[in-house]
Structures are given as C-alpha cells and as structure tokens.
Amino acid sequence: MWLYVKLAGILCILAASVLTGLELESRVKKRWLFLRGFTEALRFLEKETAYHRTPLGEALREAAAHSQDEVRKLLLCAAELIPLRTGTTFGEIWEEALADADLSSLLAKPELLAVQELSAALCNPDTVMQKTLLDKYTDRLAAMTREAERQYKEKGSLYRKLSTAAGIFLSLILI
C-alpha cells in the first residue's frame, strides 16, 4: 500500500514538472508568434493606409482578418472603438485596446512599449511621415521578432528538458 502511495506521488510530480516545462515553452512560443503576426499586420496596415488610403478603422479590420488570435483581438478592439469616438484621440483608443487585449503577460516590457508607441504611426495625417514611422516600427518589431524566435529555439526545448529532469530528480529523492 505504501508503495502505491509513493508511486502515485512520483507520477504526480513527474506530470506536474513536464506540464510546467510545456507551459513555459508554450509561453515563449506565443510571444514569438504574436510578434511575428503583429509585424505582418503592420506591413499590411502600411500598404492599406499609405498606398490605398483606406480609413484606419477599415484597415484595422482588414488586417485583423488576416491575423492570428491575439493580434486579431487587439486590432478588432481598436477598430471597434474608433467609431465610438467621444472626443478621444487615437492614442487613447489604442491604449484602451491594449488594456482590453492584456498583453502584459505575453510580451516583455520593451516589446509592450513598442506596441504602445505605435499609435503615433497609425494615426499620423501626413502620409509620408506615417509611412516612415510605420517602416521604423515594423523594422523595430521585426528585430524583436527575430530575438523572440531565437529565444524560442534556444529556451523552448531547454525549459521542457530541465523541468523533466527536475521532476525525475525529485522523484529519485522520494524513493
């Protein structure tokens, strides 16, 4: 009987450690995928606003249609808040959309700041300046995307392997 209790405890510890590693790996991957998707959405928005002269709300909806989950949620939230303008600036609308999307658990602080500062590029009335700012932020986010991809490839499997090793180590201590 005592052996079965120990085996059940060991299995619980192993399962918890493996699942913890998978969760850590998943978090790093989600960060990379968000940054990649958001960079692609910015490139799409640049074409829509600078070349096609599409209104911002419509351009955000179009970009959201071609985006992944978290990016889609952020862009749709901003697009829905634009027609409701109650004397607020687009910067305030963008801040509210970011608050609704709650990206603080997904992104690191510099990445979150880059996404927050993007409102200046999205609502600039001068098309040349808007294109310049969108290029600047797209390049900045592309660099962050490359770094996030590197971290995912380096640390993703490392998290999984180390947590599994920690679970095995704890199991051996219990034996």
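The values are calculated or read from the model by the stated rules, or taken from the named source; none is laboratory data. This structure is a prediction, so every number in the text was calculated from the model and none was measured. Neighbour counts are summed over all protein chains in view; Cβ atoms, including those assigned to glycine, are modelled from backbone coordinates with ideal geometry. Each accessible area value is taken on the protein alone, full model and side chains, heavy atoms only, with ligands, DNA and RNA left out. Shrake-Rupley method; radii C 1.70, N 1.55, O 1.52, S 1.80 Å.
Of note:
- Unique residue being out of contact with any Cys (no Cβ under 6 Å at 6 or more places or on another chain) and over 14 Å from Phe38 (Cα atoms) when the list is Glu92, Glu111: Glu92
- Filter result for the condition that a residue is open to solvent by 60 Å² or more (accessible area, probe 1.4 Å) and in a helix (DSSP H, G or I), over Leu133, Leu162, Leu112: Leu162
- Matching residues, region 20-59, being over 17 Å from the mean Cα position of the chain (by Cα) and either within 13 Å of Thr145 (Cβ to Cβ) or surrounded by 21 or more Cβ atoms within 10 Å (Cβ to Cβ) (or both): Gly21, Leu45, Glu46, Thr49, Ala59
- Every residue from region 139-159 that is within 30 Å of Gly57 (Cβ to Cβ), out of contact with any Lys or Arg (no Cβ under 6 Å at 6 or more places or on another chain) and either of a type in the set (D, E, K, R) or open to solvent by less than 20 Å² (accessible area, probe 1.4 Å) (or both): Asp139, Arg140, Leu141, Ala142
- Total residues in region 1-55 satisfying the condition of being hydroxyl-bearing (Ser, Thr, Tyr) and within 29 Å of Lys153 (Cα to Cα): the figure is 4.
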